[in-house]
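S.K.: This is the structure I have questions about; it appears just below.
The values are calculated or read from the model by the stated rules, or taken from the named source; none is laboratory data. No experiment lies behind these values; they were computed from the predicted model shown. Don't worry about glycine lacking a Cβ; one is built from the backbone with ideal geometry, like all the others, and counts go over all protein chains shown.
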Amino acid sequence: MAYASLQDFVRCLESEGELLRIQEPVSVVLELAALADLEMKKPGGGRALLIEQPVLQGGTVSSFPVLINALGSHRRMALSLKVGSMDEIAAQLSFLMKAKPPKSLGDAWELLRQGVDVIHARPVRVTSAPCQERIWKAGEGSGLADLPILTCWPQDGGPFVTLPTVYTQDPDTGERNVGMYRMQVFDSWTTGMHWQIHKVAARHGRRYYERGERMPVTVCLGGDPVFTFAATAPLPDGLDELLLAGFLRKQSVELVKSVSNDLMIPANSDFVMEGYVDPKEVLRAEGPFGDHTGFYTPVDDYPAFHITCITHRADAIYPATIVGKPPMEDFYIGSASVRILFPILKMTFPEVVDIALPAEGVFHNLVVVSIKKQYPYQAYKIMNGLWGMGQMMFSKIIVVVDAGVDVHNSSEVLFQVCANIDPQRDTLFTKGPCDSLDHAPTQPNIGSHMGIDATRKLRGEGYVREWPEACQHDPALVKRMEALLQGKGSL
């Protein structure tokens, strides 16, 4: 069964030895983030932290504990989706995409045997919800000041909500989008909404601007950890993230109507912030913010989110994260997305063997892909194809290697690059959109991209010599010598 609440997930993490409770008071201003940064940098991502006495900016202890680094390891990511590894879900998704509708009882049984349960992909509506056990209307109480919202880095522009799932709707089609955009706290009932120009929510906002209408927005925190993952997954435009969530959790997502607008949101969320963005309103300065690039992103103008209502569970836990120089929690979330969505990539590019986004590349800066090369310039086909796929358009450098190369072994990849390329012949430069958070381009949002063909070269690619064979011993000989070393301790 899926997790019924964030509390449920915390109990699982604790039972698995993946949670460290911090009972001492820890300030939400820099202290909590510094503590989490130290834990995240430990081998394998350390443990999840539950801060039981987060100290608010005013010096009082919050009544809501903070959970951080909950998804910050490969094992915790797997636990969050109740699988042994991400490859299990990838195998299910691959089977589902290849499967034909069952024509007999035997066909239906085969789908069930493979663990593919698509019945629960579609959300269901409920009329009451744990996330609405407590309701604060705008102006009633202290609003955001009562929440343990983190100030992460010394030069940050203020506290930021760092793990929100943001619900918006296309005003023309009614299609839902769930994204994750940082939110700087401006006052107790107003935040920034950092959706970049390439994001779906920003496109929704442009339509509301054209219509001259306020844009309803609801922000959720917590609940089943699958919601956090689904909001960050680079899904094709128009595919509902909650369908993915239902498929992953094998249980329909229960949705309830927001109190002050018509947007439907997960009923088991911990916190909900309802409100609106007014596209006609002047944009507000947002930032600086210590970002996943490892640098501060500068002040820029973004929409303001006006909160009309805050609701929460009676036993709410405040989920948070901190981003910065990798590896950090977001690296493990991104890695899970790559593994789970790999079958979709394979549908478009069947020659792809494996793909990796190393931590040092902070998601978009470096992509390594291995292929079964069959014809000249196939590596260039892959480069251009990837740059045309959604979030891959931001990839600064794409390195293509042969099928036998372990793309997750940076040393092996670097060896292939250094050994196999003639820099002028095997390097491709092109122009395109860039990540808004990337400080390197001369102008924001636009820049250049580089592709490196580190595969063996074929005569059709202008290579006129014979490609050499790699030096290697006979595997049987190596096996005998390994046995000798294990038995004698030395040769």
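S.K.: Out of contact with any helix residue (DSSP H, G or I) (no Cβ under 9 Å at 6 or more places or on another chain), in the same structural domain as Asp156 (by TED's automatic domain parsing), within 27 Å of Pro266 (Cβ to Cβ) and not β-branched (Val, Ile, Thr): does that describe Glu31?
M.R.: no
Residue by residue, here is whether (1) modelled with pLDDT of 95 or more; (2) not charged (D, E, K, R) holds:
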{"site": "Asp156", "(1), (2)": "yes, no"}
{"site": "Thr162", "(1), (2)": "yes, yes"}
{"site": "Pro171", "(1), (2)": "no, yes"}
{"site": "Glu175", "(1), (2)": "no, no"}
{"site": "Met183", "(1), (2)": "yes, yes"}
{"site": "Arg203", "(1), (2)": "no, no"}
{"site": "Leu221", "(1), (2)": "yes, yes"}
{"site": "Thr232", "(1), (2)": "no, yes"}
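S.K.: Has the stretch 450-471 got at least one residue that is over 40 Å from the mean Cα position of the chain (by Cα) and farther than 24 Å from Asp426 by Cβ?
M.R.: no
S.K.: Taking strands (runs of 3 or more DSSP E) that do not extend beyond the stretch 290-335, which have at least 1 residues that are in contact with a Phe, Trp or Tyr (Cβ under 7 Å, 6 or more places away or on another chain), in contact (Cβ under 8 Å) with a residue 60 or more places away in the chain and not basic (Lys, Arg)? Lay out the reasoning, then the answer.
M.R.: Working: elements: 300-302, 304-312, 318-320.
Where strands (runs of 3 or more DSSP E) fall fully within the stretch 290-335 and carry at least 1 residues being in contact with a Phe, Trp or Tyr (Cβ under 7 Å, 6 or more places away or on another chain), in contact (Cβ under 8 Å) with a residue 60 or more places away in the chain and not basic (Lys, Arg), they are 304-312, 318-320.
S.K.: Being farther than 24 Å from Ala267 by Cα, modelled with pLDDT under 95 and within 14 Å of the chain's Cα centre (by Cα) is true for just one of Pro327, Pro298. Which residue is that?
M.R.: Details: Pro298 fails: within 14 Å of the chain's Cα centre (by Cα).
After applying the criteria, what remains is Pro327.
S.K.: Quick check, is Ser15 under 30 Å from Lys250 (Cα atoms), without any contact (Cβ under 8 Å) to a residue 40 or more places away in the chain and hydroxyl-bearing (Ser, Thr, Tyr)? Walk me through how you get there before you give the answer.
M.R.: On the way: under 30 Å from Lys250 (Cα atoms): yes; without any contact (Cβ under 8 Å) to a residue 40 or more places away in the chain: yes; hydroxyl-bearing (Ser, Thr, Tyr): yes.
Yes: the conditions hold for Ser15.
S.K.: Here's a follow-up. Of the conditions (1) surrounded by fewer than 19 Cβ atoms within 10 Å (Cβ to Cβ); (2) closer than 17 Å to Ala230 by Cβ; (3) of a type in the set (Ser, Thr, Tyr), Tyr167 satisfies every one except a single condition; which number is it?
M.R.: Of everything listed in (1) surrounded by fewer than 19 Cβ atoms within 10 Å (Cβ to Cβ); (2) closer than 17 Å to Ala230 by Cβ; (3) of a type in the set (Ser, Thr, Tyr), Tyr167 misses just condition (1).
S.K.: Cβ-Cβ below 6 Å, separation at least six or inter-chain, first residue in the stretch 442-460 and over 30 Å from Gln374 (Cα atoms), second hydroxyl-bearing (Ser, Thr, Tyr): which pairs?
M.R.: Asn445/Ser436
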